[in-house]
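The values are calculated or read from the model by the stated rules, or taken from the named source; none is laboratory data. This one's a predicted model, so the numbers in the text were calculated from it and none came from an experiment. Areas reflect the complete protein model, heavy atoms only, side chains present, ligands, DNA and RNA absent. Shrake-Rupley method; radii C 1.70, N 1.55, O 1.52, S 1.80 Å.
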Amino acid sequence: MLERTLSIIKPDAVSKGHIGDILARFEKEGLQIVALRMLHLSKSEAEGFYTVHRERPFFNDLVEFMTSGRVVVLALEGQDAISRYRSIMGATDPAKADQGTLRKLYAANVQNNAVHGSDAPETAKTEIAYFFSELDITG
Ligand code: CMP
């Protein structure tokens, strides 16, 4: 199925200079970049994005991390883009991620884990709409 998913290249990967490597990987894997922007999230933007995790013990640290520097947000499109991107990212915790995945390659730990990806079609729709209007997404 042709799907779209949201990707975030997180502050750790941006500050370490991995934007280009990660974008190249998307292109190599046939995930088409249909929208892209760089931003420095405010506290309320990060809290809003991660609102499903607000009761988790790691929430405040996660918000602090996500606002610590610039991020790149992208909408990716392709056949089964949601599950394909998730396998390219690897497990949330890089210690448990498969060799060659983005998190194994670029993440330091379960919080500073280099990239985010939507986990399901409904989430992908909400997350893409959080950062992009329909007009921002190229046809
Ligand atoms: P992400 O895929 O963006 O979704 C939620 C984020 O919360 C996750 O990546 C990590 O950055 C962070 N996270 C998830 N689990 C933990 C944890 N156990 N401890 C700290 N941070 C976590």
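Taking a straight Cα-Cα cut-off under 26 Å and skipping sequence neighbours fewer than 8 places away in the same chain, the lysines within cross-link reach of Lys16 are Lys28, Lys43, Lys96, Lys104.
What a 1.4 Å probe finds exposed on the chain is 51% carbon and sulfur by accessible area, rounded to a whole percent.
The helix-only estimate of mean residue ellipticity at 222 nm for the chain, built from DSSP H runs of length n ≥ 4 each weighted as -39500 (n - 2.57), is -10500 deg cm²/dmol after division by the residue total.
Ranking of Phe58, Phe65 by solvent-accessible surface, largest first: Phe58, Phe65 (1.4 Å probe, protein heavy atoms only, all chains present).
Take the chain with all the other protein chains still there, run a 1.4 Å probe, and you get 53 Å² of accessible area per residue. Shape class for the chain: rounded, because the ratio a/c of the largest to smallest gyration tensor axis (alpha-carbon atoms, square roots of eigenvalues) is under 1.5.
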